[in-house]
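Enquirer: Have a look at this one before I ask anything.
The values are calculated or read from the model by the stated rules, or taken from the named source; none is laboratory data. If you're wondering where the values come from, they're calculated on a predicted model, not measured in any experiment. All Cβ positions, glycine included, derive from the backbone under ideal geometry; neighbour counts span all protein chains shown. With ligands, DNA and RNA removed, areas are computed over all heavy atoms of the protein, side chains included. Shrake-Rupley method; radii C 1.70, N 1.55, O 1.52, S 1.80 Å.
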Amino acid sequence: MIVVCGEALIDMIYNGDGTQRAAPGGGPFNTARALARLGVPTAFLGHLSQDKFGRELADLLVSDGASLELATVGPEPTTIALADVGNEGFAEYQFLVQGTSAPNLTLDMLPDHLPREVTALHIGTLGLVLEPMASTIVELVRRERDGRLVMLDPNIRVGLVPDAEYRERLGHVISCSSIVKASDSDLEWLYPDRPYQVAAEDLVGQGIALAVVTLGAQGAFAAHHDIRVSVEAPRIDVVDTIGAGDAFGAALLAWLHDHEAIRPDVRLERDELEAALRYACLAAAITCSRAGADPPWKRELDAALAAG
């Protein structure tokens, strides 16, 4: 089982034509749904609201096949993200978090220990920004990482906490991770003086088993031990990019799961790494081809692969 830790929230999406719609979201929420849709045993570990939006988020996780056995529920209203989608489908976010559900994941809400069948932890996005959730997740990783793969998707969100505090926390979590999957813009913020290829090399030099950089329409790059791989992204008509990075990360983990490669010391051959990146790029492309964070099901991805 893979445990995805962090926030579930509602995106209030302002479209380029002036219309607005509410959509379920949050990077970890999207990742848990995508993993479950790809047939991977998945549990969501986060704090949900008892309100209408919270019940909707919980129902979607369950209907997609994710377990809520590690989630908690409370009276706080659901966290809201204000998403402004531009003409090219890219979204910019502001967050309404004070007194809401997602940040209120506290240490006492964690189980005494994770089940033996948990093979990997996925962390990132607001889960490493908002308190007390961020400190809770860092403690969970410290406590539970031995013998398990930890994958970090920083999905950088600036302006919510002081940069120095944020960088220190991310640096600590990076040191605990087996896989770091980041966008080129994430790495530009983390390592402003280095091209993404050099930043990925540096991550591997720090002991990260696999550093993966997503490049949007240009595909993805990975550094893994002495292997360096670039793959192109499928060409599609973009509706929006909401949830694309989450679908990419989930599909990468799903490929590793399906090929029995979920290990803290993950090691792949070049052709295996290329196949994993192409699988992840295809999942992201399908997500971009429809509105909101609507990741593909395994049958859709398998059909797209079979069709070439």
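Enquirer: For the structure I just gave you, tell me whether Gly89 is closer than 26 Å to Asp184 by Cα, at pLDDT below 95, in a loop (DSSP other than H, G, I, E, B) and open to solvent by less than 40 Å² (accessible area, probe 1.4 Å). I'd like the intermediate steps shown before the answer.
Expert: Numbers: closer than 26 Å to Asp184 by Cα: yes; at pLDDT below 95: yes; in a loop (DSSP other than H, G, I, E, B): yes; open to solvent by less than 40 Å² (accessible area, probe 1.4 Å): yes.
Yes: the conditions hold for Gly89.
Enquirer: Looking at region 260-269, can you tell me whether even one residue there is part of a helix (DSSP H, G or I), open to solvent by 30 Å² or more (accessible area, probe 1.4 Å) and not charged (D, E, K, R)?
Expert: Step one: of region 260-269, the residues part of a helix (DSSP H, G or I) are none.
No, the conditions are met nowhere in region 260-269.
Enquirer: For residues that are among the aliphatic types (A, V, I, L, M), farther than 12 Å from Ile80 by Cβ and assigned to a loop (DSSP other than H, G, I, E, B), scanning just region 1-53, find the one that is most open to solvent (accessible area, probe 1.4 Å).
Expert: Met1
So that you can scan it fast, the table gives a plain yes or no per residue for (1) open to solvent by 10 Å² or more (accessible area, probe 1.4 Å); (2) not in a loop (DSSP other than H, G, I, E, B):
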residue	(1), (2)
Ala182	no, yes
Arg194	yes, no
Gln197	yes, yes
Asp202	yes, yes
Ser230	yes, yes
Gly245	yes, yes
Phe248	no, yes
Ala276	no, yes
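Enquirer: Which count do you get for residues in region 158-182 that are in contact (Cβ under 8 Å) with a residue 60 or more places away in the chain and in contact with a helix residue (DSSP H, G or I) (Cβ under 6 Å, 6 or more places away or on another chain)?
Expert: The total comes to 1.
Enquirer: Right, Ala293: of a type outside the set (Phe, Trp, Tyr), in contact (Cβ under 8 Å) with a residue 40 or more places away in the chain, buried (at least 24 other Cβ atoms within 10 Å of the Cβ) and within 25 Å of Ile227 (Cβ to Cβ) or not?
Expert: Taking the combined requirement at face value, the residue does not satisfy it.
Enquirer: Restricting to region 141-159, name every residue that is surrounded by fewer than 15 Cβ atoms within 10 Å (Cβ to Cβ) and over 30 Å from Arg116 (Cα atoms).
Expert: Val158, Gly159
Enquirer: Still on this structure, I have one more. Note down all Cβ pairs under 8 Å where the first residue falls in region 134-146 and is part of a helix (DSSP H, G or I), the second is hydroxyl-bearing (Ser, Thr, Tyr), and they're at least six residues apart or on different chains.
Expert: Going by the 8 Å Cβ cut-off, the qualifying pairs are Thr136/Thr106.
Enquirer: Being at positive phi and at pLDDT below 95: is that true of Gly39 here?
Expert: It is false that Gly39 is at positive phi and at pLDDT below 95.
Enquirer: What number goes with the only condition from (1) under 28 Å from Arg290 (Cβ atoms); (2) open to solvent by 10 Å² or more (accessible area, probe 1.4 Å); (3) not in a loop (DSSP other than H, G, I, E, B) that Leu253 does not pass?
Expert: The number of the failed condition is (2).
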